[in-house]
1. Which one of these is surrounded by 13 or more Cβ atoms within 10 Å (Cβ to Cβ) and in a loop (DSSP other than H, G, I, E, B): Leu89, Leu105?
2. What is the residue count in the range 115-139 for residues that are assigned to a loop (DSSP other than H, G, I, E, B), surrounded by 15 or more Cβ atoms within 10 Å (Cβ to Cβ) and out of contact with any Lys or Arg (no Cβ under 8 Å at 6 or more places or on another chain)?
3. Do we have any residue at all in the range 210-222 that's surrounded by fewer than 21 Cβ atoms within 10 Å (Cβ to Cβ), at pLDDT 80 or above, of a type in the set (Lys, Arg) and not in a strand (DSSP E or B)?
4. Residues that are modelled with pLDDT of 75 or more and crowded, with 17+ Cβ neighbours inside 10 Å: does the range 540-551 have at least one?
5. In this structure, is Asn93 farther than 24 Å from Asp167 by Cα and either without any contact (Cβ under 8 Å) to a residue 12 or more places away in the chain or not β-branched (Val, Ile, Thr) (or both)?
6. Considering the range 95-127 alone, what residues qualify as being touching an Asp or Glu at 6+ places or on another chain (Cβ under 7 Å) and of a type in the set (A, V, I, L, M, F, W, C)?
7. Just to be sure, is Arg153 touching a Gly at 6+ places or on another chain (Cβ under 7 Å) and either in contact (Cβ under 8 Å) with a residue 24 or more places away in the chain or assigned to a strand (DSSP E or B) (or both)?
8. Could you run through the range 276-311 and say how many residues are among the acidic types (Asp, Glu) and more than 23 Å from the chain's Cα centre (by Cα)?
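The values are calculated or read from the model by the stated rules, or taken from the named source; none is laboratory data. The structure displayed is predicted, hence computed values, not measured ones. Every residue, glycine among them, receives a Cβ derived from its backbone with ideal geometry; neighbour counts consider all protein chains shown.
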Amino acid sequence: MSSGRGFLPGSVLLILPVVAIAAAIWVGSDTIERGLQLNAATTSSAWAKYMTASIADLEEIAAGAEPSPETLATLQEMREAAGVFRVKLFGPNGRLRMILDDHELSAADKASLAQHNPEAAAAAEEGAIRIEVAHGTPPERPAYYSEAYVPLRQDGKTIAIAEIYVDQTEEFEAIETTVARSAILLSIIILIASGVPVFGFVQRYNAKRRADARAAYAAEHDGLTGLLNRSGFIALKRELLAKAKPVVVVSLGIDRFGAVNAAFGPERSDYILLEAAERLKSLAEPEAIVGRVSGTEFAFALNVNDLKEGARLAERALKLIRRGFVADGHVVNLTGSAGLTLAEKGEHPGSPLSRANVAMCRSRAKGGDRLTIFDRRMGAELEAGRDLETVLRAAVEHERFELYYQPIFTAKDHALTGFEALLRMPNGEGGFVSPARFIPLAEQLGLIHRIGRLAINKACEEAKTWPEGYKVAVNLSPVQFDARNIVEVVRQALAKSELPPEKLELEITEGVLLIDSLDAVQQLSQLRELGVKLALDDFGTGFSSLAYLWKLPVDKVKIDQSFLRAMESEGDGAAAIVRSIVVLGHSLGLVVTAEGVETSEQLDFLEEIGCDFLQGYYLGRPASAEAAASLARKDAEERGGQNPVQPRERGAAVS
């Protein structure tokens, strides 16, 4: 009996290690599977949240658009940081739109683009992550990886599905090593052996939680300034909306920051943005929310007693931006544009920020350095602006712009000397969109550089067909100077058209001096070295006409038409200003042109005070390129081959 009783414990002791190892293998396999799924779920979720927050054109890509270079760079950085070796992006309907892979895409991959994927469509319909752990064959696939279909949601709807492939080899080997050691220890002493994998799992779980926390923080915060990003700003604003006091939202953008970036480079520009962020943080109250919602735009949200309290905060913020910033020993003077609105109870937390941004854009369109409070009329203008943007982008893409030409005459004998090229954009309904509407939008969207190049090329080509002696004037936007390539653009246009430089006149406004006056003057001087003439347009309406006129390398000033219109109502006061501008221009050796001449009385007055050149509806309306060329040929024939009267050079004696 004793031997029998001893056999049972012995058998148990013999079987126990086997059972322990078998149990460890069974538990270990399950642990590996679950651990990989957990890792895949957390990694994919963090990835999805970061993609939604960081990729501005995500919805457009899901609809079939090509990803921007910035988006591809962001995705590459994200993949390297998270061990993601392959990404597919589907539209909400399950159609494949984009594949990014560490290896070159196969023919099957390329053929699958735009095809429907049932798994992606099911994930979109369910609104939940679908994960599968798989084995691969290196180097095409890692030995262990997960494949997850993750819905990307924005404002409560699924805008895309990301199929994310995560390399799980390191996680598998780590878990497998832990389980193997546990199995050996379990065969010796079950209590000790069972504690090892538990401890290892807890350590990894805590490490994963810390990693998830870091990913969650990155998804809602700006990497440069540490402020909330757009998603984090909207999320925290919910807390303010829950309080009894009204919530004011302010959007503040730094005006024409592209010039700073071009002048000092990204590193110094980032330093200026950091300094701006610190200033704005110091301004905000403890319970206020401050965020950097896009590249050069910041936002505030706080509970206030009334709208005036929020407006005072916005004005203080604008004042902080006006304080000079130092970059490479240079003082950079910047301004800001601000928009303000009150949040409404029950509305989506992102709506107030959108309205504040519309108001901020209105401030920027008016020249910046001001605050605009949103009103309901801007909502309709926002919709109209979206329609206008569509028309504008199509016009740029297909080069649908036209140039009309307004004749310019001498004041003394009304002889034709040339034309000013005026840009026209068809509205698709047989008419044209006013330049006052589409030019500011083109500047805001960064399209003005392509439009400006097109206008200069077209004007030079068409002026080349005119008889000898007739000049063409082309307007330049201040934004065109930001890219620092305007000299090369003009040089190429002259070379391509073979137009003599002296036949081209470029009209600028004082806006070119708003950021870096020294750089602007250098570019203007380089333009004059090409042989072209420069004119200061809209003289008398800018922020500092007299302060800058004497040092600008221009040949001509153009009296703004508002002064001529004012002569009809203001009488002698406006007339005295016009007379003074003519005397001032001549004293500096400059030619003076009056624009907007619409009556015979204005014409007689300008002749009397010695104005050099005139243009306006009374003398000639803008006409098509064909009509302008015909007028120039007819005028040349009537002159009998004599050249038109040309303006005095700068510094020439004035009779």
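1. Numbers: Leu89 fails: in a loop (DSSP other than H, G, I, E, B).
Answer to the check: Leu105.
2. Kept after step one, since they are assigned to a loop (DSSP other than H, G, I, E, B), are these residues of the range 115-139: 115, 117, 127-129, 136-139.
Those left that are additionally surrounded by 15 or more Cβ atoms within 10 Å (Cβ to Cβ): 117, 129, 136.
The next check asks that each one be out of contact with any Lys or Arg (no Cβ under 8 Å at 6 or more places or on another chain); those that pass are 129, 136.
The number of residues fulfilling the criteria is 2.
3. Yes: one or more hits.
4. Applying the first criterion (modelled with pLDDT of 75 or more) to the range 540-551 yields none.
No: zero hits.
5. Working: farther than 24 Å from Asp167 by Cα: yes; either without any contact (Cβ under 8 Å) to a residue 12 or more places away in the chain or not β-branched (Val, Ile, Thr) (or both): yes.
For Asn93, the condition - farther than 24 Å from Asp167 by Cα and either without any contact (Cβ under 8 Å) to a residue 12 or more places away in the chain or not β-branched (Val, Ile, Thr) (or both) - is met.
6. Once the filter is applied, which keeps residues that are touching an Asp or Glu at 6+ places or on another chain (Cβ under 7 Å) and of a type in the set (A, V, I, L, M, F, W, C), the range 95-127 yields Ile99, Ala120.
7. On the way: touching a Gly at 6+ places or on another chain (Cβ under 7 Å): no; either in contact (Cβ under 8 Å) with a residue 24 or more places away in the chain or assigned to a strand (DSSP E or B) (or both): yes.
Answer is no for this residue.
8. Filtering the range 276-311 for residues among the acidic types (Asp, Glu) gives 278, 285, 287, 297, 306, 309.
Imposing the further condition that a residue be more than 23 Å from the chain's Cα centre (by Cα) reduces the set to 285, 287, 306, 309.
Residues flagged as among the acidic types (Asp, Glu) and more than 23 Å from the chain's Cα centre (by Cα) within the range 276-311 amount to 4.
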